[in-house]
Amino acid sequence: MSTFSALGISKSLIKGLDEMGIKNPSEIQERTIPILVQGQTDFVGQAQTGTGKTAAFGLPLLEIVDPNEKHIQALVLAPTRELCQQIAKQLFKFTKYSDKVFTEAVFGGAKIEEQISRLQRPTQILVATPGRLVDLIQRKAVSLDHVQTVVLDEADEMLSMGFKQDLNKILDETAAKSNKWLFSATMPEGVKKMIRTYLSQNAQRVELKKKGANENIEYQYVVCDPNDKVKVLLSFLRSQKENRGLIFCNTKAAAKTLSQQLQAKNIATDALEGDMKQKERDKVMRAFKNESLQILVSTDVAARGIDVKGLSYVVHYQVPEHLEYFTHRSGRTGRAGLNGLSLCLVSEPELKSIRFYEQNLKIKMTRIKD
């Protein structure tokens, strides 16, 4: 196994990584960093969520950005506000012992005036959701004239969330003068078209073989009548005692309703869903991270970018419609070498979803009697 030093990362950044408990590069970091620290290249990386992509592109960005230049030199595009915040926070932590590189995150759902005000300060890396960035460009509140590198993180997710037009505008504006680094868990036709249109034919590529399921996660399911779901869930939560976890719903309404039902049973929980104001979302996430909340009920979109240590389980209260969502949800547990549990609550007609997950992810899901 190589070291960050051998990959071309400077001692000051490595000191920051050490303090975060990151000692050895992950596979995506090992294969990507030596390419990206060279700076002058287009790049396509295919890897699942949770493989360490932020450091894979973040560390090279910090190496090539000039802290003495006060304008925006690198742009990172991400699908959700949570992921933008997480990326900006990681970059800040990496630079604890190095020359200060200033990162700003901008995203929808927060007051645009406050973001415009913050952008008056020197900013070298801008992390943004595509929609909010286009708004800021149209208001002439941000200039991309000096951008040398554009990173597209979770490109497939940005397209599936309807950001195609916004991405095209941004990429058209930065096309002539920047390297483009694209990361995506999957390669649907929309992402392939974007690569053909905006990236060099000679773009370097790294593809992580899609691993089977995380070996630290145990997969289970319970078959129950939809009317009994809350009762079955409460029984499971009692068995988990003090353990902490995430419960996923497919809709905002279901997440809100379930959260209220659990609160009525004196369970320390709250909901995270897409219609919430940014201040409310931040408040809920703070409470979950500082363990005031034992459980978080979330929709898939709201859960992008959630990275909370030591979660014992994930419950799919409603089974997801896409395989990627099942993988992403389940991957919130069983992290950093710890064991985790992924539990599906399904009705008889939904058993076909269980078979589908087993076949496509090469996993065995154990049926539990309710």
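Bear in mind these aren't lab numbers, they're just calculated from the coordinates by the rules spelled out. Everything numeric in this text was worked out from a predicted model, so none of it was measured. Don't worry about glycine lacking a Cβ; one is built from the backbone with ideal geometry, like all the others, and counts go over all protein chains shown.
A DSSP coil position with no more than 14 other Cβ atoms inside 10 Å describes the following trypsin sites (Lys or Arg not before Pro) in region 182-250: Lys209, Lys210, Lys211, Lys241.
Charge dipole of region 221-370 (Cα centre as origin; +1 on each Lys and Arg Cβ, -1 on each Asp and Glu Cβ, all else neutral): 380 debye, rounded to the nearest 20. Here the translational diffusion coefficient of the chain follows from Stokes-Einstein with Rh set to the Kirkwood radius across Cα pairs; for 20 °C and 1.002 mPa s it amounts to 99 µm²/s. For the chain, the mean residue ellipticity at 222 nm estimated from helices alone is -11500 deg cm²/dmol, where every DSSP H run of n ≥ 4 contributes -39500 (n - 2.57) and the total is divided by all residues, rounded to the nearest 500. Going from the residue with the fewest nearby Cβ atoms within 10 Å to the one with the most, Val76, Val206 rank Val206, Val76.
Across all C-alpha atoms in region 143-240, the radius of gyration and Dmax reach 20.9, 58 Å.
Exceedance of the 24 Å cut-off in Cα-Cα distance is limited, within the set Lys15/Lys283; Lys89/Lys277; Lys192/Lys279; Lys11/Lys209; Lys229/Lys252; Lys53/Lys93, to Lys15/Lys283; Lys192/Lys279; Lys11/Lys209.
What ranking do Ile64, Ile28 get, fewest neighbouring Cβ atoms within 10 angstrom at the top?
Final ranking by Cβ density, sparse to dense: Ile64, Ile28.
In this structure, the amide hydrogen of Leu182, modeled 1.01 Å from its nitrogen in the peptide plane, lies closer than 5 angstrom to those of Phe43, Val44, Gly45, Leu152, counting only residues at least 5 positions away or on a different chain.
The coefficient of translational diffusion for region 261-305, derived via Stokes-Einstein from the alpha carbon Kirkwood radius under 4 °C and 1.567 mPa s, stands at 120 µm²/s. Think of the chain as having a plus end and a minus end, set by charges on the Cβ of Lys, Arg, Asp and Glu; of Gly337, Val142, Gln120, Gly337 sits farthest toward the positive end of this dipole.
In this structure, Glu215 and Thr257 have a Cβ-Cβ separation that, at R0 = 35 Å, corresponds to a calculated FRET efficiency of about 0.50.
With viscosity set to 1.002 mPa s and temperature to 20 °C, compute the Stokes-Einstein D of region 1-159, Rh being the Kirkwood radius across alpha carbon pairs; µm²/s, no decimals. Translational D for this selection: 134 µm²/s.
Return Arg31, Arg329 ranked ascending by Cβ neighbour count within 10 Å, so the fewest neighbours appear first.
On the way: Arg31 18, Arg329 23.
The most exposed by this proxy come first: Arg31, Arg329.
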